[in-house]
């Protein structure tokens, strides 16, 4: 078995659970529960690192169930990630206590890739840069005692800025590196990704102390040690 413990929550009629079989084939340690109340008790004893909630099998959006599970592991001071499986794309913004939403139908590989990204990162895979700890492979960043999962573009953006930390990186360079184009007619996409990245690494995204704007030039990743004080 791997060190990653997974709690799978889905309806009883899902037997045998294809998700459970897929996860076990990859040697994950998996327990299956069929209700939130049972899952909450299992959280205390099993201490899962990832919860996979198959809300689709229960004909529900899963929002309230995720919140209940989130409260259960927070009360125990545990760290856990939640993957929510739904039948259709939610009409609302993903809740902060849901780390990843998968919309059926999808292949087992997609679920396994999601689990791999959310699984605890081995210490050797973290890159420490000033107040940041970053794993490009698993697209995860730690800063200010919080850990965030980045989307692919955010991860490439942060990697590029880290590689040029201490120097101003032009908007043109970032657009060329991340989006592989020289077109500068519309830079709003870059602005949006910078905003998202600041939410992941800044204490106050509206008053950035790490990812700073250099007016008329680009962006500057300030990784001086005194930022953590």
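The values are calculated or read from the model by the stated rules, or taken from the named source; none is laboratory data. Here the structure is a predicted model, which means the values were calculated and not measured. All Cβ positions, even for glycine, are placed from backbone atoms using ideal geometry, and neighbour counts span all protein chains on display.
Some observations on this one:
- Residues in region 114-134 that are in a strand (DSSP E or B), in contact with a strand residue (DSSP E or B) (Cβ under 7 Å, 6 or more places away or on another chain) and free of Cβ contacts under 8 Å to residues at least 24 places away in the same chain: 133 alone.
- Looking across region 37-51, the residues that are more than 18 Å from residue 101 (Cα to Cα) and either outside the structural domain of residue 71 (by TED's automatic domain parsing) or outside any loop (DSSP other than H, G, I, E, B) (or both) come down to 37, 38, 39, 40, 41, 42, 43, 44, 45, 46.
- Residue match in region 40-55 (condition: in contact with a strand residue (DSSP E or B) (Cβ under 7 Å, 6 or more places away or on another chain) and surrounded by fewer than 17 Cβ atoms within 10 Å (Cβ to Cβ)): yes
- Among residues of region 207-229 that are at pLDDT below 90, those with a Cβ under 7 angstrom from a residue that is outside any loop (DSSP other than H, G, I, E, B) and surrounded by 11 or more Cβ atoms within 10 Å (Cβ to Cβ), sequence gap 6+ or separate chain, pair up as 223/129; 223/132.
- Residue tally, condition in contact with a strand residue (DSSP E or B) (Cβ under 7 Å, 6 or more places away or on another chain) and more than 27 Å from residue 25 (Cα to Cα), over region 135-145: 3
- For residue 45, the conditions (1) under 13 Å from residue 7 (Cα atoms); (2) in contact (Cβ under 8 Å) with a residue 24 or more places away in the chain all hold with the exception of (2).
- From the options 171, 198, residue that is closer than 18 Å to residue 140 by Cα and either surrounded by 14 or more Cβ atoms within 10 Å (Cβ to Cβ) or in the same structural domain as residue 138 (by TED's automatic domain parsing) (or both): 198
- Of all the criteria given as (1) in the same structural domain as residue 176 (by TED's automatic domain parsing); (2) part of a helix (DSSP H, G or I); (3) without any contact (Cβ under 8 Å) to a residue 12 or more places away in the chain, the one not satisfied by residue 64 is (1).
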